[in-house]
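The values are calculated or read from the model by the stated rules, or taken from the named source; none is laboratory data. Remember, it's a predicted structure, so these values are computed and weren't measured experimentally. A quick note on method: Cβ atoms are made from the backbone with ideal geometry, for glycine too, and the neighbour counts reach across all protein chains shown.
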């Protein structure tokens, strides 16, 4: 749906272009009316984009690549080890 309203946007270029080219933020109409400067709004947009990249990387990204059967096999192996330890003790 296209509306006849113009919006202000901030485009933040990605520091690591392997994943994203840019992030686009739509600025609220009253953002600058509340005393926020353009630099403050831009800093907030950069902080939000950096936070998203940090949350989407690291162990979470690695764990999402592991197929479900591997998790099932690991759980079965762990249960078997616990069962064998219980028998021996």
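For every residue, the table says whether it meets (1) touching a strand residue (DSSP E or B) at 6+ places or on another chain (Cβ under 6 Å); (2) modelled with pLDDT of 80 or more; (3) surrounded by 12 or more Cβ atoms within 10 Å (Cβ to Cβ).
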| residue | (1), (2), (3) |
| --- | --- |
| 1 | no, no, no |
| 9 | yes, yes, no |
| 16 | no, no, no |
| 19 | no, no, no |
| 24 | yes, yes, no |
| 38 | no, no, yes |
| 45 | yes, yes, yes |
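Which of the residues spanning the range 53-67 are on the phi < 0 side of the Ramachandran plot and either surrounded by 12 or more Cβ atoms within 10 Å (Cβ to Cβ) or modelled with pLDDT under 75 (or both)? Steps first, please.
Within the range 53-67, the subset on the phi < 0 side of the Ramachandran plot is 53-57, 59-67.
Answer for the range 53-67, where residues must be on the phi < 0 side of the Ramachandran plot and either surrounded by 12 or more Cβ atoms within 10 Å (Cβ to Cβ) or modelled with pLDDT under 75 (or both): 53, 54, 55, 56, 57, 59, 60, 61, 62, 63, 64.
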